[in-house]
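All remarks here apply to the structure that follows.
The values are calculated or read from the model by the stated rules, or taken from the named source; none is laboratory data. A quick note: this is a predicted structure, and the numbers were derived from the prediction, not measured. When we count neighbours, we look across all protein chains shown, and the Cβ atoms used for this are built from the backbone with ideal geometry, even at glycine.
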Amino acid sequence: MNGSTHAPGQRGFTLIEMLLVILLIGVMVGIGTFAINSAWQRFRLESTAGNVRTFVQQTFTSMNSEGAPVFLRLVPARRAGSRSPRPPTAPACCASWSCPSSSTCR
């Protein structure tokens, strides 16, 4: 004998076992990819929010030191692939819908 503990014709893996292993690896890769994408999107969002916060703080500091008024206009961006029109925004002279004087906003 050659020292093998397998019966003749029972060497290796069956096709079902190989398919199950490939399936499990695919599921684990899918879960890992989803987790990595979620973390990456969260990082990008936090990074962008930090950049906007820094920009606004620097602008307010710069304008306040010069004594100039600061107006902030926020316009929501459309999502990629969205066909809906942009929502109406406040006039360019105002920071919100309530204008200081109606004669300046048209």
Just one listed residue, out of Ala77, Ala92, Ala35, is at pLDDT 75 or above and among the hydrophobic types (A, V, I, L, M, F, W, C), and it is Ala35
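When you scan segment 16-28, do you find a residue that is charged (D, E, K, R) and either loosely packed, with under 10 Cβ neighbours inside 10 Å or at pLDDT below 90 (or both), even just one?
The answer is no, given that none of the residues of segment 16-28 is charged (D, E, K, R) and either loosely packed, with under 10 Cβ neighbours inside 10 Å or at pLDDT below 90 (or both).
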